[in-house]
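Written out below as structure tokens is the structure these notes cover.
The values are calculated or read from the model by the stated rules, or taken from the named source; none is laboratory data. What you see is a predicted model, and the numbers here were worked out from it, not measured in a lab. Here the Cβ positions follow ideal geometry from the backbone for every residue, glycine too, while neighbour counts run over all protein chains shown.
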Amino acid sequence: MTQNDPKTPRADQFQGDREAFQVASGNTMKATVYTQYGSPDVLQLKEVAKPTPQDNEVLVQVHAASVNAADWHLMRGTPFLARLVNGLQKPKNTKLGADVAGRVEAIGRNVTQFQVGDDVFGCLPLHELGSFAEYVCAHEDAVALKPAKMTFEQAAAVPLAAFTALQGLRDKGQIQLGQKVLINGASGGVGTAAVQIAKSFGTEVDFRMQHAECRHGALDWRRPCH
Ligand SMILES: NC(=O)c1ccc[n+]([C@@H]2O[C@H](COP(=O)([O-])OP(=O)(O)OC[C@H]3O[C@@H](n4cnc5c(N)ncnc54)[C@H](OP(=O)(O)O)[C@@H]3O)[C@@H](O)[C@H]2O)c1
């Protein structure tokens, strides 16, 4: 298609709908999207407009993403609080996925911390999810350089759950050396990070999950928790 080709879409034909114009122009990517709240059946793999980074954003080619409770709540629209974040009747942002690891493909003009080609990982804010896609834009403060010895998959598994654990233990819990700490739900995303963070603060950690109970790191799978 060329500028003079009558089949070439013109922006003015789309009445300001940038997404529709991009799709018609072929500037697209694959993404998992949803247009109504519900079970996983509402998720669809679709061809959508490839995002363009704003001045303070990086465009990341997604190599790995991970699923968190946040994705589940925002897909279901429950509890009701999730609808205050993303629309009362239907999702305003039709993409999901907070955690991401990938390679920077383009940067906005004010980005100072990253260059094209950097491997990064990070976590998108709840109202700007979108890592279940081939590309996603993230504010430069939402990502960090990926440690070289971590795979993309390992890096994508960390951010949201580990931040939750860190904020809970360090910031809210004011965890201190020598304390005794009980981690409930220790086998989950937040719990596995919480156990390690609590240990790193020099605390004595007991942990508990649905199917087993552990003390000081010794698993006893025969003792169900009730
Ligand atoms: N992931 C996040 O980024 C995030 C962020 C903010 C808040 N949260 C909240 O934090 C909580 C944990 O999230 P998560 O992502 O870690 O979930 P998860 O990966 O599903 O882990 C859930 C944990 O809870 C345990 N569990 C389930 N039912 C239990 C019961 N009846 N008694 C004792 N333990 C039980 C599970 O044990 P088994 O493995 O033995 O079943 C597992 O260890 C959720 O309430 C979530 O909404 C999560």
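Assorted remarks:
- Entry remark, the stretch 109-146: residues being among the β-branched types (Val, Ile, Thr) and part of a loop (DSSP other than H, G, I, E, B) number 3 in total.
- Residues of the stretch 121-162 that turn out to be among the hydrophobic types (A, V, I, L, M, F, W, C) and under 22 Å from residue 90 (Cβ atoms), as a count: 6
- Subset of the stretch 50-68 [within 13 Å of the ligand (Cβ to nearest atom) and either polar (S, T, N, Q) or modelled with pLDDT under 95 (or both)]: 66, 68
- When the stretch 147-177 is filtered for residues that are of a type in the set (A, V, I, L, M, F, W, C) and not in a helix (DSSP H, G or I), the ones remaining, listed by number, are 148, 150, 157, 158, 175, 177.
- Residue count for the stretch 97-108, restricted to those that are away from the ligand (no atom under 16 Å from the Cβ) and assigned to a strand (DSSP E or B): 6
- Those residues of the stretch 133-159 which are closer than 24 Å to residue 185 by Cβ and crowded, with 22+ Cβ neighbours inside 10 Å, in sequence order: 155, 156, 157, 159
- Residue match in the stretch 110-131 (condition: buried (at least 16 other Cβ atoms within 10 Å of the Cβ), within 14 Å of the ligand (Cβ to nearest atom), of a type in the set (S, T, N, Q) and touching a residue at least 60 places away in the same chain (Cβ under 8 Å)): yes
- Flag if residue 94 is hydroxyl-bearing (Ser, Thr, Tyr) and away from the ligand (no atom under 13 Å from the Cβ): yes
- If the condition is being surrounded by fewer than 16 Cβ atoms within 10 Å (Cβ to Cβ), without any contact (Cβ under 8 Å) to a residue 60 or more places away in the chain and not basic (Lys, Arg), then the stretch 55-86 contributes 55, 72, 78, 79, 80, 81, 84.
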